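Worksheet: one structure, shown below.
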Amino acid sequence: MQTVDDYLQYLRGKGFQFQEDVVGFIYFGKHYTNASDEMINTAIELTLKAQKKFDGSFYVSLLETFVKNQIHTRKDAIKFVKDHELLAI
């Protein structure tokens, strides 16, 4: 499993440039929700896919939804957003 740092580095390699405030907000969401790195990475991925950029409030809302619904894996998170039509992915 990739750490959040590894995932952010991977995204940088794909051309995503995150400012310091965005990275700080990503870690704020991690600590605020106590979500795993897998859930953080999934929320970042889904946020970028849905919004075409990083949207902090969307990201935190996804994390809160995952935690509230006891979703712990990327597979379950993607199934949840599809089943509840939260995102068109």
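Some notes on this structure:
- Of Lys49/Lys82; Lys14/Lys49; Lys30/Lys79, pairs whose Cα-Cα distance is over 19 Å: Lys30/Lys79
- Lys, Arg +1 and Asp, Glu -1 on Cβ, resulting dipole of the chain about Cα centre, debye, nearest 20: 280
- Nearest-ten-degree value, helix 4-13 long axis tilted from longest Cα axis of the chain: 60
- Arg12-Ser57 pseudo-label distance in nm [points 7 Å out on the Cα-to-Cβ vector]: 2.9
- Separation in nanometres of the label points that stand 7 Å from Cα toward Cβ, at Gln2 and Lys75: 1.9
- 10 Å binning of all Cα-Cα separations within the chain, expressed as whole percents from 0 upward: 18, 56, 25, 1
- Value of [θ]222 nm, deg cm²/dmol, for the chain, DSSP H segments ≥ 4, -39500 (n - 2.57) each, nearest 500: -22000 deg cm²/dmol
- HN-Hα J in Hz across the stretch 21-35 - Karplus 6.51, -1.76, 1.60, θ = phi - 60°, x for Gly and Pro: 5, 5, 4, x, 5, 4, 6, 4, x, 4, 6, 5, 9, 6, 7
Rule-based calculations on the coordinates, nothing more; no lab input. Bear in mind that the values here come from a model prediction, so they are computed numbers and not experimental data. Quick reminder, even Gly has a Cβ in these numbers, built from the backbone with ideal geometry, and neighbours come from all protein chains shown.
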